[in-house]
Structures are given as structure tokens and as C-alpha cells.
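Novice: Please find one structure pasted underneath; my questions will follow.
Laboratory data are not the source of any read-out in this text; all were calculated from the coordinates shown. Because the structure is a prediction, the values reported are computed rather than measured. Virtual Cβ from ideal backbone geometry, glycine too; neighbours counted across all protein chains shown.
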Amino acid sequence: MEKVIDLEDRIPTFRKKRRRRTNFKFILLTALFLFLLLVLLYFQSPYSEIKKIDITGAELVDSTYYEELSDLHVGGSMWSIDSDAISKQLEELEWVKSAKVERKWLSTVRIKVEEWQKVAYLAEENSFYPMLENGVLFEEAQELLPIDAPIFHEFKDEKVRKRLLKELAKLKPEVAALISQINATPSSADPYAITLFMNDGYEVRAEITSLADKLNYYPAIIAQIESEEQNGKGIIDIEVGLSYKPYSKEYEAINIEEAIEEQEVSEDEE
């Protein structure tokens, strides 16, 4: 026979469950109210303001330039920042490869800028203009002789400059660091002919379109030359094949030509 439970016996249990549900709802609403109150107080307090703007990656221009362009300032609201819009605005600069804006902690904004790499300098009227790996000629010049990248001389053709910059960007860092100066030496037969002056004293005659493929072997070429030659530094020609001539023989050949020219002039005068 099944046991029958009187309804009056079950009433205290219902009351306990109802009381627990009521207490839970009250605690939940109270916590939600307190959270919203704290959020409201936070937005009204100085703790929601920008206390620091941290900018990294600025080399071509001063970091304050990026700060001013972003329209961010200390004291502004941390939560009115449109990170994507600021990033896109910075990336419109022709020397900026990428930009990222993010909030850091409660009161710091970090702007991380990646600029296009500086590959060389163009020498014009005693000023040196940085040239970037994307082919851009940076308009802010420096007066002092640069030592952190090679100098371009006599490069009037922008197309030729950009082609050379692409080749330099393909060089191994240790090879690129050896280049001191590059002169444009075009001819009717080869508009891409160039002469490179290296920091270790050698001169390299090359062709722009094959420069990276050949010059990346420069350390091995020098090692072979110095192990076989006893005539000092000289000229390495990698335009077509590979040849080497010591400066002593090159200057000797030039002197002979000058002597012949002088003799011809004197004979004509007689």
C-alpha cells in the first residue's frame, strides 16, 4: 500500500525552495546593480582616461608625429578609441608598412608601427634622402654623411632606382652591410650597369637585374681572391661572368692609355 503524504507536510519544503529562489534573484539583481554602478563610476572617474601613449617602431619620423596624426592625447577617453580607423590612417603613410593600435591595461594605449626598411640614400646637392624597400624616396633629408646604408650617386631614372632597391632588399644582411656607395654607370648597351664601392676596399662592377643572385656570393669570392692573389685589392666584375683585376694593373693600364694620348697630342702639335 502506497504511503500518502499530506499536503500540509509538504508546505514547509515549498516555502524553503521559494525563499531560496527569492534570495538568489535578490543577490543577482544586487550584484548586477553594483556592477553597473561601478562601470558608471569608472567612466566618470580619471581612471578611464588615457594616462600614457606608448609608440614603438618610429625611426623615420619622431614618435610625436604618429601621436598627433592618431588624434590621441593624454586625458582622452580610453573607450572612445577607434583602433581600426587609427591603424588605417597611419597605414596610408607611404613609408608605413603596418600599424596596430591596442589598449594596454586600464590607462595605456600602445601604437605599434612597422615602417618600410631603409635600404639606401640618394645623394642630391649635399643632402641624403632615405630610399625605402618599397621604392619610396623619403622626402626628409639629412645633411650628415650616412653610415647605416649605401649612398646612390647619379641615379636620375626612378625606374632604375626602384629596380635596384628591390635587388638590395634581396641581399643577405652581412653582404648589404659591406656596400658603401653605388654609382649609376649606364651605357647605350646596358642601361642597368652600376659600380659598387665596398667597405672592405674592393670595387664591384655589376648589372642591376642580376645583382642579388651574384653579389650574395661576395664573401666566397673575396675569400678565393685573397687566397690566390698577392697584388692587393682590386675590381671584381660580375656583369656577365666573373673576373678580377687588381687596382695596380687597372691603374697601369690607365697610365699607358694616358701616355699614348699625350704622345698623339704632341705629335699632332709638331
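Novice: Taking other Cβ within 10 Å of each residue's Cβ, how do Leu168, Leu28, Leu93, Leu144 sort, fewest first? Walk me through the numbers on the way to the answer.
Specialist: Values: Leu168 23, Leu28 10, Leu93 18, Leu144 7.
Ascending number of Cβ neighbours within 10 Å: Leu144, Leu28, Leu93, Leu168.
Novice: Okay, moving on. For the range 75-138, what's the relative contact order in percent, using C-alpha pairs closer than 8 Å and at least 6 residues apart?
Specialist: On the way: 87 pairs, mean separation 14.1, N = 64.
In percent, rounded to a whole number, it is 22.
Novice: Between Tyr247 and Asn134, what is the label-point separation in nm under the 7 Å Cα-to-beta-carbon projection?
Specialist: Reported label-point gap for Asn134 and Tyr247 is 4.0 nm.
Novice: Can you give the charge dipole size of the range 47-115 about its Cα centre, rounded to the nearest 20 debye, using +1 on the beta carbon of Lys and Arg and -1 on the beta carbon of Asp and Glu? If you can, show how the numbers build up before the last one.
Specialist: Numbers: 9 positive and 15 negative charges, 90 e Å.
That gives the range 47-115 a dipole magnitude of about 440 debye.
Novice: Work through the residues other than Thr195 whose Cβ is under 15 Å from its Cβ and net out their charges, Lys, Arg +1 and Asp, Glu -1.
Specialist: Numbers: positive: Arg205, Lys214, Lys233, Lys245; negative: Glu154, Glu167, Asp190, Glu203, Glu207, Asp237, Glu239, Glu250.
My count for the surroundings of Thr195 gives -4.
Novice: Between Thr56 and Phe35, what is the spin-label point distance in nm, taking each point 7 Å from the Cα along the Cα→C-beta axis?
Specialist: Result for the modelled spin labels: 3.3 nm.
Novice: Here is the link list: Lys118/Lys172; Lys166/Lys245; Lys118/Lys166; Lys97/Lys162; Lys97/Lys166. Which ones come out longer than 22 Å on Cα distance?
Specialist: Numbers: Lys118/Lys172 15 Å; Lys166/Lys245 28 Å; Lys118/Lys166 12 Å; Lys97/Lys162 17 Å; Lys97/Lys166 16 Å.
Result: Lys166/Lys245 exceed 22 Å.
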